[in-house]
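**Q** Structure incoming, see below.
What follows is calculated from the coordinates using simple rules that are stated; it is not laboratory data. Predicted model, so just to flag it, every value in this text is computed and none were measured. When we count neighbours, we look across all protein chains shown, and the Cβ atoms used for this are built from the backbone with ideal geometry, even at glycine.
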Amino acid sequence: MIKILIFFLLFFTSSVSAHEAQSLPYGPFLSGITHPVLGFDHLLAMVSVGMISAQIGGRAIWTVPATFVIVMFFGGLLGLNYGGLTGYEIGIALSVLLLGSALAADKKLNANFAMLAVAVFAIFHGYAHGEEIPTIAKPPPYVAGFMTGTVILHIAGVVLADISTHYEKGKILLRLLGGLIALSGLYFLVSAL
């Protein structure tokens, strides 16, 4: 897993600024899915949200990711209708940095605090998705696509964290992944400034 993460860091760091694509090679729905999945900054944040929700456990396994998806939808509407704001890439980079740091620290966050934090992060991610909808896309299927992609990544994070806890060194692996995610967030932040 670590080798895969390092591979992506070394060879796909340009995806941080790859949000501008204006073509729809897979149609609006599948292109919507690819935005959070192929945008490395989004991918790391979404998987981290799932991992943190699993780390908290209980109802947080679904309430934390659901909060993210719902608020991201409204952030997407903002981006779609009121585009032109700057600085949202800094918010996205901070989300990756802080989510990764929380995983690396291995602290069980309060579920309400986690929901509030991911809601703030979701505004930036949603805004990016909404503002960067290709001009040739029909917004409803594209929005459904990026929401579906986000849900899939949250589930992947929950599964990854759950599987890791069943192994002796699973917590160490999660902390190490959190550290690598935080370092990626720092890189994204420096690139966005």
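**Q** With (1) surrounded by 20 or more Cβ atoms within 10 Å (Cβ to Cβ); (2) at positive phi; (3) not β-branched (V, I, T) as the list, and G57 as the residue in question, which single condition is left unmet?
**A** Failing condition for G57: (1).
**Q** Quick check on the stretch 68-78. Is at least one of its residues closer than 26 Å to S164 by Cα and in a helix (DSSP H, G or I)?
**A** Of the stretch 68-78, the ones closer than 26 Å to S164 by Cα are 68-69.
Going one step further and asking which of them are in a helix (DSSP H, G or I), we end up with 68-69.
Yes, the conditions are met somewhere in the stretch 68-78.
**Q** Does K138 qualify as being in contact (Cβ under 8 Å) with a residue 60 or more places away in the chain and of a type in the set (K, R)?
**A** yes
**Q** Can we say T63 is farther than 21 Å from L160 by Cα and among the polar types (S, T, N, Q)?
**A** no
**Q** Quick one: in the stretch 93-135, of everything that is assigned to a loop (DSSP other than H, G, I, E, B) and not basic (K, R), which residue is surrounded by the most Cβ atoms within 10 Å (Cβ to Cβ)?
**A** The residue in question is I133.
**Q** With the requirement that a residue be in a helix (DSSP H, G or I) and surrounded by fewer than 17 Cβ atoms within 10 Å (Cβ to Cβ), what does the stretch 156-174 give you?
**A** Within the stretch 156-174, A156, V159, D162, I163, G170, K171, I172 meet the criteria.
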